[in-house]
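*Asks:* After the structure tokens below, expect a handful of questions from me.
The values are calculated or read from the model by the stated rules, or taken from the named source; none is laboratory data. Small disclaimer: the values here were computed from a predicted structure and weren't measured. Counting neighbours? That spans all protein chains shown, and the Cβs are built from the backbone with ideal geometry, glycine included. To get the accessible areas, we keep the full protein, side chains included, count just its heavy atoms, and leave off ligands, DNA and RNA. Shrake-Rupley method; radii C 1.70, N 1.55, O 1.52, S 1.80 Å.
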Amino acid sequence: MTIYVVQPGDTIYSIAEAYKISPETLIRDNGIINYNNLVVGQTIVIVYPQEVYTVVQGDSLYSIAASTGVTPLTLLRNNPQLSDRSYLYPGEQLVIKYNNKKGRLKINGYAYHFIDSDILKKTLPYLSFLTIFEYRLSPDGTLTGDEDEPLINMAKLYGVAPIMVLSSYNPTDGSGTASYFTQTNSDEFNRATFTAVIEKMIEKGYLGVNIYVQKITEETLEVLTANLKAFSAILKKIGFTLMLTLTPEIFYLPPGMTYLNVDYSVLAELVDYILLLSYNWGYTYGPPAAVTPVNIVRRNLNYAVTQIPAHKIFLGVPIIGYDWHFTEQAEYAVANALTSDAAILLASDVGAVIQFDSDAMAPFFTYTSRDNNIEVHHIVWFKDARSIDVLFGLIQEYGLSGAAIWNIMHFFTQMWFIINTQYEIIGPFDSI
């Protein structure tokens, strides 16, 4: 794999000619929208297929899969343009194999029930787990949420395990209240609540559950452990997968103590996987910074693997970028979220040059806009091929189970292209 960084004077045609590949292939593989006006500093991934097949009259996805020895799912991963059509063009070339030998991993994608169905169909071939952010378990044991059946059914068609999220998030006011799992409850009350959750999982066809908690203190950590132990014992008898999402900023700890002092080891014994997500750097309400800076992620992982078996860890990969603007007092305002593709289009529109922070391994650019004849200064941080390549390299370096993508509500073409061409994506219950 080559990650090319656009230089002044480059065009999609000059890059294609230099690498002996068609411009159409570069545009398709990278999802390039601004192909007539590339941005200096923009990344383009170049991968040559190991094997291709030319479609002939009468071919189908299944017949090609059978004749070439790969699965239809592999063909959909290698040729995502097929996801939204049921026909093949005689003469078109399909990728059969890439030399994806960097390692095996599992991919967990978070989605809300209102995800666009075309995006879901395009993404499912790359997933092992589909984690559906739909249900809220209140502190009083009330379970709310119900609009998930289309996602569950679609996931199973692709061999993807649907996972129910149990969150304390309140959709009416956008707040995160105390989690049920951090409350002290009687054994009888727990049994009733857990039975209701499991009945809902069986009714809907879930294969596992992901618990997301907020606002953990030293005291509630002990309660969380006890409740997880009780819930885990029931789930294991049924054979359901149990996941726990942890973010460093949810810990409310005494002065002088950080999340790097928290003992995760007991929690790790109770669950099948721990998903390490973080929004503490570069998020809507925070100061401008790279999202998941690699130098900080590495520090977190160095500690996490002393507490959690590496094969139980999914590395969180948030793929949303942010555009911050500054007031006259040089204070930053609430950031606007944007996709990586939108960030590049914005850079193209404002004539910015994309720069790269080699410590955080993240691209950024600055620009100035005008509001009522007042200059407004902006800084945009997002992810590109270099960011993705390094983050997934950490998964192999530390021997982690895989990545948890937050979130899959839009299709990040370049990311999926890197993952698919470099790694072998395995099923939800396969061994790493």
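*Asks:* Rounded, prolate or oblate: which fits region 5-81 when a ≥ b ≥ c are the square roots of the eigenvalues of the alpha-carbon gyration tensor, with rounded for a/c under 1.5 and prolate only if a/b beats b/c?
*Replies:* prolate
*Asks:* For residue 337 and residue 266 in one chain, what is 0.36 nm times their gap in residues minus the Cα-Cα distance, to one decimal in nm?
*Replies:* 22.0 nm is the gain from fully extending residue 337 to residue 266.
*Asks:* Next up: With every protein chain present, what is the per residue accessible area of region 383-432 (1.4 Å probe, Å²)?
*Replies:* Per-residue value: 25 Å².
*Asks:* Students often get this wrong, so check it: of 200/236; 106/200; 122/156; 156/204; 97/122, which have C-alpha atoms separated by over 20 Å?
*Replies:* 106/200, as the Cα separations exceed 20 Å there.
*Asks:* Leaving out ligands and nucleic acids, note down the accessible area per residue over region 288-370 with a 1.4 angstrom probe, in whole Å².
*Replies:* Solvent-accessible surface per residue comes out at 44 Å².
*Asks:* Additional query: Treating the chain as a set of equal point scatterers at the Cα positions, no solvent, please give the Debye-formula log₁₀ I(q)/I(0) at q = 0.09 Å⁻¹.
*Replies:* For the chain at q = 0.09 Å⁻¹, log10 I(q)/I(0) is -0.61.
*Asks:* For region 320-427, state what percent of all Cα-Cα pairs lands in each successive 5 Å bin, counting from 0 Å until the bin that includes the largest distance.
*Replies:* Reading upward from the zero bin: 2, 10, 19, 21, 18, 12, 8, 6, 3, 2, 1, 0.
*Asks:* Further question on the same structure: Rolling a 1.4 angstrom probe over the protein chains, ignoring ligands and nucleic acids, what is the accessible area of residue 121 in square angstrom, nearest 10?
*Replies:* 60 Å²
*Asks:* Between residue 86 and residue 217, take the C-beta separation as r, use R0 = 45 Å, and let me know the FRET efficiency to the nearest 0.05.
*Replies:* That pair, residue 86 with residue 217, gives E of 0.25.
*Asks:* If I compute solvent accessible area with a 1.4 Å probe over the protein chains, what percent of it on the chain is carbon and sulfur?
*Replies:* Reported share for carbon and sulfur atoms: 52 percent.
*Asks:* Among 166, 208, 196, whose Cα projects farthest towards the positive end of the dipole of the chain, with charges put on the beta-carbon of Lys, Arg (+1) and Asp, Glu (-1)?
*Replies:* Selected residue: 208.
*Asks:* Work out, in µm²/s and without decimals, the Stokes-Einstein translational diffusion coefficient of region 64-118 at 10 °C, 1.306 mPa s, Rh from Kirkwood over C-alpha pairs.
*Replies:* Using the Kirkwood radius from Cα pairs, D works out to 116 µm²/s.
*Asks:* In whole angstrom, and with the biggest value first, how far do the Cα coordinates of region 101-195 range along each principal axis?
*Replies:* Rounded to whole Å, the extents work out to 49, 30, 22 Å.
*Asks:* Leaving out ligands and nucleic acids, note down the accessible area per residue over region 61-217 with a 1.4 angstrom probe, in whole Å².
*Replies:* Spelled out: the 1.4 Å probe surface of region 61-217, per residue, equals 43 Å².
*Asks:* Would you mind calculating the gained length between residue 36 and residue 359 on full extension (0.36 nm times residue separation, minus the Cα-Cα distance), in nm to one decimal?
*Replies:* Taking residue 36 through residue 359 to full extension adds about 113.2 nm, to one decimal.
*Asks:* If 122, 236, 156 are ordered by their accessible area, calculated over protein heavy atoms with a 1.4 Å probe, which sequence runs from highest to lowest?
*Replies:* The most accessible residue leads, giving 236, 156, 122.
*Asks:* With unit charges on the beta carbons (Lys and Arg positive, Asp and Glu negative) and the dipole taken about the Cα centre of the chain, which residue among 412, 96, 353 sits farthest to the positive side?
*Replies:* Going by the Cα projections, it comes out as 96.
*Asks:* From the square roots a ≥ b ≥ c of the eigenvalues of the alpha-carbon gyration tensor of region 47-89, which class results: rounded (a/c under 1.5), prolate (a/b over b/c), or oblate?
*Replies:* In terms of gyration-tensor shape, rounded.
*Asks:* Can you give the Rg and Dmax of region 1-133 based on its C-alpha atoms, in angstrom?
*Replies:* 16.7, 46
*Asks:* May I pose another question? Can you put 106, 97, 229 in order of accessible area, largest first, using a 1.4 Å probe?
*Replies:* Largest accessible area first, the list is 229, 97, 106.
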